[in-house]
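Accompanying notes for the structure given below.
The values are calculated or read from the model by the stated rules, or taken from the named source; none is laboratory data. Remember, predicted model here, so these are calculated numbers, not experimental data. Counting neighbours? That spans all protein chains shown, and the Cβs are built from the backbone with ideal geometry, glycine included. When the accessible area is computed, the model is the full protein with side chains, heavy atoms only, and any ligands, DNA or RNA have been set aside. Shrake-Rupley method; radii C 1.70, N 1.55, O 1.52, S 1.80 Å.
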Amino acid sequence: MDKRPVGMFDSGVGGLTVLKQFRRLLPEENVIYFADTAHVPIGDRSREELILFVRQILDFMQEQGVKAVLFACNTTSAIVLNRVKDDYPFPMIGTIRAGVKEAVRQTQNKRIGVIATNNTVKSHAFASFIQMEDVGYQTVELGCPKLVPLIEAGQTEGETVEKAVAEYLDAIKEKKADTLILGCTHYPFLSRIITEMAGENMHIVDPALETSKEMAGLLREKNLLNQSGTPGWVQFYASGDPEAFQKSADKLIPHYVKNVKHQSWD
Ligand code: DGL
């Protein structure tokens, strides 16, 4: 039994979609959630910047005494995880593998669409993992840079959002994908609109639950589970203005984020 917290981070509110699933699955775990809002959006940042940002967060997580870290962000899961995972004393997982496994289970025509940040798309992390499952799969990866700024602003409905989602989904539908991975942790906040516009024949995959299950398996295997019998706590940090983070989180999941502390290195 291990009461140390699990670290989780994202560039902003996106990782909250993972945090929610994780807390449902493992309510006894304590969590440190870090929102790197000083740097959001990270979808077009350079590789060097992304590595630097993540190292700063992981150093901080280490100081906080975490027992494991979940990258609640596809962009850094795709680009940074492999570069840093052996440099820290705790295990780490990202969101890509679990999302792919679920999509492969769902697809019937072996055509999988992925919507993600430009950086994730350029890395082809999803396509590579999908190819590893079976070379017969086709992957259609599409960068959707308009979505994260809208979601960070708490905007998940209305004409601007609908227009952007429609434009992106048309490109995916044209390629006849029957399964769509929400390859950015911000996008599940748009799942109502995405599901509606994708049509009933499209399987929508949010990697959050499968990633949380993967973390649960890892903690169990390494004997790190917290089985205290009492609900765990979450401590939120933001590298930008803590109140601004709290406000945009409140628009998306009212009353979920509380007592945000400021932490930055710039
Ligand atoms: N939520 C992040 C992801 O899953 C990144 C969002 C961004 O800052 O562009 O990729």
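Some values worked out for this structure:
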| quantity | calculated |
| --- | --- |
| Fluctuation leader among MET92, MET132, MET61 - the chain, Gaussian network, Cα springs under 10 angstrom | MET132 |
| Largest-first ellipsoid semi-axes for the chain, taking √(5λ) over the Cα gyration tensor eigenvalues, angstrom | 28, 21, 18 |
| The chain - accessible surface per residue (Å², probe 1.4 Å) | 44 Å² |
| GLU141, GLU48, GLU200, ranked by accessible area, largest first (probe 1.4 Å) | GLU200, GLU48, GLU141 |
| Partner lysines for LYS222 [C-alpha distance under 19 Å; skip if fewer than 8 residues away on the same chain] | LYS3, LYS67, LYS85, LYS213 |
| Separation between Cα centres of segment 222-246 and segment 1-29, rounded to whole Å | 6 Å |
| For segment 1-72, diffusion coefficient by Stokes-Einstein and Kirkwood Rh (Cα), 37 °C, 0.692 mPa s, µm²/s | 258 µm²/s |
| Fraction of accessible area attributable to carbon and sulfur, segment 158-200 (%, probe 1.4 Å) | 48 percent |
| Pairwise FRET efficiency - LYS258 versus LYS3, Cβ, R0 = 22 Å, nearest 0.05 | 0.60 |
| Heavy atoms of PHE236 accessible to a 1.4 Å probe, total area in Å² rounded to 10 | 10 Å² |
| Shape category assigned to segment 1-133 from the gyration tensor of Cα positions, a/c cut at 1.5 | oblate |
| Proximal lysines to LYS110, defined as alpha-carbon separation beneath 18 angstrom and excluding residues fewer than eight positions away on the same chain | LYS101, LYS173, LYS175, LYS176 |
| Segment 139-266 shape via C-alpha gyration tensor axes, a/c threshold 1.5 | oblate |
| Spacing of the two label points (7 Å from each Cα toward its C-beta) at ARG55 and THR230, in nm | 3.9 nm |
| Student exercise, the chain dipole from Lys, Arg, Asp, Glu Cβ charges, in Debye to nearest 20 | 540 debye |
| Computed accessible area, LYS213, all protein chains, 1.4 angstrom probe, square angstrom | 90 Å² |
| Stokes-Einstein D (µm²/s) once Rh is taken as the Kirkwood radius of segment 71-195 over alpha-carbon pairs, at 4 °C in 1.567 mPa s | 86 µm²/s |
